[in-house]
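A short write-up of the structure that comes next.
Each reported figure results from applying straightforward, stated rules to the coordinates on display, with no laboratory input. These numbers were taken from a predicted model, which means no experiment stands behind them. Note that each Cβ is placed from the backbone with ideal geometry, even for glycine, and that neighbours are counted across all protein chains shown.
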Amino acid sequence: MGDSGDRIAPITYLFGAPAEPAAPADLVATAAPDGADGWYVDGATGSPEAAASAEALPPTALPATALPLTIPQPEWQGDGSAVESARLAAARAALIAAEQEAAAAAAEREREAANTRQPKSARVSNVSMHALARKGMSSAEMTRLLESRELEPDDVAAEVDRLEGAGLLDDNALAETLVRTLQDRKGLGKSAISAELRRRKVGDEAISLALESIDVDDELERAIEVATKRAGQLSSYDRETAKRRLGAYLQRRGYGGSVLTAAMAAALDGGGASTGPRFR
C-alpha cells in the first residue's frame, strides 16, 4: 500500500482471481497504472477504515462482477510448447555446430595425411612414368615393379588405378601390340605368342581376345616364310635330319598342328615343285 499525496488515495494491488466473498461496498476497483498488470482498489471514495479493511482482505475477497481480476499469463507459460520449441531449436543449433566442427576436424586430418603421403606419392609417380617411357607394361608388371621398390601397398594400388584410368596401362591394347610385333617381326606362332603374353603378366581375357585376332591364313603364311628360311640353313644335313630339325625349330617358334605340317612341306618340297632345298 502506498501514499501518493493529497489527490490520490492509498491503493492496494491485488493478485489472484476474485471469489464469492464480497468486499466492503465503499471500495472501488480501478485499472492498474501504466506499466503494471492486474487491478487496483481505490480507497478515496470510502473511509480510512474501509481502505484499511481492503488492505487486510485476501485477494479473493472482491466480487467477480465488480472486480474482474484476470492476470495475463506470460508467453512461456501454458502448455509449455514455446519453451519446448526453444529448447529444440537450441539443441538443433548445438548439434549442427558439433557436426560442422567434426567435419572441419576430419578435413584437416585428411589434408595432413595427404601432405604426409605426398613425398611417397610423388616417388610412385616418378617410378611408374620412367618405366612406361621405356616400354609398354601390363598392369601386373607395373604392380610388381612398384612393389619391388618397397613402396606402400596403398600407394601402389592407387598409382595403378590412376594409370589405368588415364589409359597408360591397358592390357588389351598391350596384347594387340605384342601380337603384331611377335608375329610380324619375330615370326612367332600362336603358342609362342601366348607364352610371351603370359610372361608379360597380361590378363587372361586380354590374351584370349588378342589370339582370336590372329588370322589362320596369316599365321600359315608367316610359318612358311620362317620354315623356308630355316630349311635353307639345313642343306648340310640329310633330308630326315633336316626335317627333324626344322620341325623342332618351328615348334619353338610357336607353330604346331596343321600349320606346322603345311609349312614344313612347303619349305622342304617347295610345294611339290623341284625348287626346294637339296639335302645330302
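Here the extension length gained between Q233 and D204 equals 6.7 nm, from 0.36 nm per residue of separation less the Cα-Cα distance.
Between V83 and A157, the modelled label-to-label distance comes to 5.5 nm, taking each label 7 Å out from Cα in the direction of the beta carbon.
Shape call for the range 196-238 from the C-alpha gyration tensor, a ≥ b ≥ c root eigenvalues: rounded (a/c under 1.5), prolate (a/b greater than b/c) or oblate? Kindly include the intermediate steps, with their values, before the conclusion.
Details: a/c = 5.86, a/b = 2.19, b/c = 2.67.
Cα axes put the range 196-238 in the oblate bin.
Note on A133 and A106: the model spin-label points, each 7 Å out from Cα along the C-beta direction, lie 4.0 nm apart. Between E99 and L168, the modelled labels are 4.0 nm apart [label points 7 Å from Cα along Cα→Cβ].
The GluC sites (Glu not before Pro) of the range 85-179 that DSSP puts in a loop, and whose beta carbon has at most 15 other beta carbons within 10 Å, are E150.
If r is the Cβ-Cβ distance from S213 to T261 and R0 is 22 Å, what FRET efficiency results, to the nearest 0.05? My answer for the efficiency is 0.40.
Rank-order 127-135, 84-92 by packing density, defined as the average count of other C-beta atoms within 10 Å over each peptide's residues, highest first.
So the peptides 127-135, 84-92, ranked by packing, come out 127-135, 84-92.
Indicate the gyration tensor shape class of the range 171-269 (rounded, prolate or oblate), computed on the Cα atoms with a ≥ b ≥ c the square roots of the eigenvalues: a/c under 1.5 is rounded; otherwise a/b larger than b/c is prolate and the rest oblate. Prolate. Were the residues from A122 through E221 laid out at 0.36 nm apart, the gain over their Cα-Cα distance would be 30.8 nm.
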